[in-house]
Amino acid sequence: MHNNPILRISTKILFAPIILFGLYVQFHGDFGPGGGFQAGVIVASAFILYSLVFGIEAGKKLFPTNVNLILLALGGIVYGGVGIVSMILGDEFLAYNILGSSPQSGQHIGILLVEFGVGLTVSNVMIALFNAFASYDKVKEK
Amino acid sequence: MISELLINAFLVTIMLSIAIALIKTRTVIFTVILTSAYSLVAALMFITLDAVDVAFTEASVGAGISTILFLAAMAYLPKKEEKSISSEFIPALSCVILGGILIWCSFDLPEIGQLTAPIHQHIAPEYIKGSKEDIGIPNIVTSVLASYRGYDTFGETIVVFTAGVAVLALLEKKNTTKKNKSQPKQKIKKNA
C-alpha cells in the first residue's frame, strides 16, 4: 500500500483530525457522549491507520514500542493513583470530593483524570495488540 | 410512533439478513466484515433506544477497532473455514429451543421506558438527582461510570490492561523461542 498516492495523502490529511476528534471525545465526555474507552479507541485507530498505510516499521518509528508499553501501564497507574491521592488526603479510595476546593470541582478533576487513565490504557493496548499481530512472524513452527 | 416502528422493523430486518448471511458464508474475511456490519446496525439500534454512549462504544469498538484486530489476526488463519460439523440437525434444534426460551422469557420484561419498572426504582433516581447536584456533570453516564461506579471502571481498565499484556506475552514468547531455535543452527553452520 506504500505506493498508492490516494491512500498516502488521505492518511496524512486524516491523521491529525482523527486524534483531535479523539481528544474532543476524551475531554468532552462530561458534557456529551464519550469518554475514555471510546476516545482511546479513536486515537489508537489513527496510529493503526498510519501503520496500515506506511508499513509497520514506519508506525513503530512514529510511536516507539517501549513508549507504547510504558503508556499502557501508566493509564492504570493514573487511575489507581487518583484513588491513592484521595486516600492520602483523608477520604476513601476513589472519592473525588476532596481533590478540589469544592466537592463539585473535586469531582470534575477526579473524573477528568480517571477518564484520561482509561483512555491511555485502552489506546495503547489497541496499538500494542495491532503491532503484536502485524509483526508476528508468519512462519509457523512445523 | 409509526415512524419508530418502521425504523425498528428496518433495522431488525437488516440485522436478521446479516445474521443469515453470516451463517451461510465460509470465507473468513466475509465473516469479519459482516460482523462489523452487524455491530454498526446494533449501534443504530442503540441510538433508537436513546443510549448514545453505548451506541458510540459499539460503533467505535465493535465496528471499528475489533474489525481491524480481527483482520490483523486473520492473516494467520486459513482462508476458508473447514466444514467440520457432520450433522446440522442437533445444533439447529438447540438454537431453536434456546431462542424459543429467550423469546418466551421476554414476555415477562417490563415495557421499554415504563417508569414503574424495578430497574428505574432502585438507585437510578438517586444517581439522576445526584449527578446534577453532587457532581455537576450533565452527562449522567459519565458520572455513573467514573464516579458512582468508579471501582467497576477501575476493574474494567485493569481487565483491558491484563488482556493486552497476556496477548503480548503469548505472541512475544513465540518470537523469542523461534530466535533461540534459529540461533544455534546458525552457529553450527558457522562452525562447519
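The numbers here are math on the coordinates, done by the rules we state, and not lab data. As the structure is a computational prediction, the values presented were derived from the model and not from experiment. Quick reminder, even Gly has a Cβ in these numbers, built from the backbone with ideal geometry, and neighbours come from all protein chains shown.
A few remarks follow.
- Intensity falloff of chain A expressed as log10 I(q)/I(0), Debye formula with alpha-carbon point scatterers, at q = 0.13, 0.16, 0.17 Å⁻¹: -0.66, -0.87, -0.94
- Fluctuation leader among A:Ile70, A:Ile18, A:Ile48 - chain A, Gaussian network, Cα springs under 10 angstrom: A:Ile70
- Here the residues A:His108, B:His122, A:His28, ranked from fewest to most Cβ neighbours within 10 Å of their Cβ, fall in the order B:His122, A:His28, A:His108.
- Two-site FRET efficiency, A:Glu92 against B:Lys129, from Cβ-Cβ distance with R₀ of 25 Å, rounded to 0.05: 0.70
- Average projected area [Cα convex hull, the protein assembly as shown], square nanometres: 24.7
- Average projected area [Cα convex hull, the stretch B:11-111], square nanometres: 7.9
- By the rule of a C-alpha distance below 17 Å, with chain neighbours fewer than 8 residues away ignored, the aspartates and glutamates paired with B:Lys24 are B:Glu81, B:Glu82, B:Glu88.
- Helix runs (DSSP H) in chain B reaching 15 Å along axis by Cα, Kyte-Doolittle at least 1.6: B:2-24, B:28-48, B:89-106
- Every helix of 4 or more DSSP H residues in chain B counts as -39500 (n - 2.57), and over all residues that averages to -22500 deg cm²/dmol at 222 nm.
- Efficiency of FRET between A:Ile13 and B:Leu11 - r from beta-carbon atoms, R0 41 angstrom, step 0.05: 0.80
- Charges were assigned to the Cβ only: +1 to each Lys and Arg, -1 to each Asp and Glu. The resulting dipole of chain A about its Cα centre is roughly 760 debye.
- Net charge dipole size for the protein assembly as shown [Lys, Arg +1 and Asp, Glu -1 on Cβ; Debye, nearest 20]: 2820
- Gyration tensor (alpha-carbon) shape descriptor, chain B, a/c threshold 1.5: oblate
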